[in-house]
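Peer 1: Here it is, the structure, as structure tokens.
The values are calculated or read from the model by the stated rules, or taken from the named source; none is laboratory data. What you see is a predicted model; the values in this text were computed from it and never measured. Every residue, glycine among them, receives a Cβ derived from its backbone with ideal geometry; neighbour counts consider all protein chains shown. Areas reflect the complete protein model, heavy atoms only, side chains present, ligands, DNA and RNA absent. Shrake-Rupley method; radii C 1.70, N 1.55, O 1.52, S 1.80 Å.
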Amino acid sequence: MHHSTVLAALLASTLFLPTANASEAAHWGYEGDVAPANWGHLSAEYATCSTGKNQAPINIQHAVKTQLPAIPFAYQAGGQQIINNGHTIQVTYAAGSQLSVDGVPFMLKQFHFHAPSENLIQGKQFPLEVHLVHSDPDGNLAVVGLMFEQGAANPLLATLWQQLPQKAGDTLTLSKSVNVAELLPKDHSYYRFAGSLTTPPCSEGVRWLVLKQPMTASKAQIEQFAQLMGHPNNRPVQ
């Protein structure tokens, strides 16, 4: 009797395994076998990474000159938690901050960093780029990209870097809610293109708005992020 109970328990545990793992996406990264060049082959869910036609990041050049509407940023303090997810440092944002694209409101969900920059502007790569990720009510995404040049220290980065979660999987609550508007340059002129997520599953249909004017971050701030990541965390230009 006891033997059959153990067997039943074993069977039950194996039955649960597939569902437990289904929610765990295939492991990916920036180096070795799981590097960007291989993302499309790591999982059927990531196939778009290699088969997609509008993949990001890109080298922005030969842009068509046109009058793009101003981006109506409506941001308030809402950055609450800072997460080290092993791929980047991400700050999650409370509801209430948004921008509007094509007359549609997109809510700011989170912002995160890449070093060096993922997008290039006229062939130039920057030491750091921040992505502000927004979603509309239907789940469509709009991402604002902002470049940092090496120069004066950035006050908002100084606040965030004081509370950097050191280990992958760590989440810290920020001592005070931060306002990402403090990262934005005065000049909001931008490049626009249709692209994708720059991480698996590389889904397309993302509206990209890359600000033309870079901000500055100090050499120490850039190095602190790069050292924490331990390797570049940028997908190469597609």
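Peer 1: Would you check if there is a residue in region 47-57 being within 30 Å of Pro165 (Cα to Cα), surrounded by fewer than 19 Cβ atoms within 10 Å (Cβ to Cβ) and at pLDDT 95 or above?
Peer 2: No; the residues of region 47-57 include none that is within 30 Å of Pro165 (Cα to Cα), surrounded by fewer than 19 Cβ atoms within 10 Å (Cβ to Cβ) and at pLDDT 95 or above.
Peer 1: Can you work out which of the residues in region 137-178 that are among the β-branched types (Val, Ile, Thr) and over 15 Å from His114 (Cβ atoms) is least open to solvent (accessible area, probe 1.4 Å)?
Peer 2: Within region 137-178, the first condition is being among the β-branched types (Val, Ile, Thr), and the residues that meet it are 143-144, 159, 171, 173, 178.
Keeping just the survivors that are over 15 Å from His114 (Cβ atoms) gives 159, 171, 173, 178.
On the way: Thr159: 43, Thr171: 69, Thr173: 95, Val178: 5 Å².
That would be Val178.
Peer 1: Also, quick follow-up: So Ala194 passes all but one of these: (1) in contact with an Asp or Glu (Cβ under 9 Å, 6 or more places away or on another chain); (2) crowded, with 16+ Cβ neighbours inside 10 Å; (3) assigned to a strand (DSSP E or B); (4) not β-branched (Val, Ile, Thr). Which condition number does it fail?
Peer 2: Among (1) in contact with an Asp or Glu (Cβ under 9 Å, 6 or more places away or on another chain); (2) crowded, with 16+ Cβ neighbours inside 10 Å; (3) assigned to a strand (DSSP E or B); (4) not β-branched (Val, Ile, Thr), the lone unmet condition for Ala194 is (2).
Peer 1: So which pairs qualify, if the first residue must be in region 114-130 and closer than 14 Å to Ala56 by Cα, the second must be of a type in the set (Lys, Arg), the Cβ gap must be under 7 Å, and the two must be at least 6 apart or on different chains?
Peer 2: Glu118/Arg235
Peer 1: May I pose another question? Given the condition at pLDDT below 95, of a type in the set (A, V, I, L, M, F, W, C), farther than 25 Å from Asp170 by Cβ and in a loop (DSSP other than H, G, I, E, B), answer yes or no: does some residue in region 16-27 qualify?
Peer 2: No, region 16-27 contains no residue that is at pLDDT below 95, of a type in the set (A, V, I, L, M, F, W, C), farther than 25 Å from Asp170 by Cβ and in a loop (DSSP other than H, G, I, E, B).
Peer 1: Report yes if some residue within region 61-80 is under 17 Å from the mean Cα position of the chain (by Cα), among the hydrophobic types (A, V, I, L, M, F, W, C), part of a strand (DSSP E or B) and at pLDDT 95 or above; otherwise report no.
Peer 2: No, region 61-80 contains no residue that is under 17 Å from the mean Cα position of the chain (by Cα), among the hydrophobic types (A, V, I, L, M, F, W, C), part of a strand (DSSP E or B) and at pLDDT 95 or above.
Peer 1: Do we have Ala77 as more than 20 Å from Leu156 (Cα to Cα) and open to solvent by 20 Å² or more (accessible area, probe 1.4 Å) here? Spell out how you get there, then give the answer.
Peer 2: Details: more than 20 Å from Leu156 (Cα to Cα): no; open to solvent by 20 Å² or more (accessible area, probe 1.4 Å): yes.
When the stated conditions are applied, Ala77 does not pass them.
Peer 1: Taking the stated definitions as given, is Lys212 surrounded by fewer than 18 Cβ atoms within 10 Å (Cβ to Cβ), basic (Lys, Arg) and either in contact with a helix residue (DSSP H, G or I) (Cβ under 6 Å, 6 or more places away or on another chain) or at pLDDT 95 or above (or both)? Steps first, answer last, please.
Peer 2: Values: surrounded by fewer than 18 Cβ atoms within 10 Å (Cβ to Cβ): yes; basic (Lys, Arg): yes; either in contact with a helix residue (DSSP H, G or I) (Cβ under 6 Å, 6 or more places away or on another chain) or at pLDDT 95 or above (or both): yes.
So Lys212 fits the description; yes.
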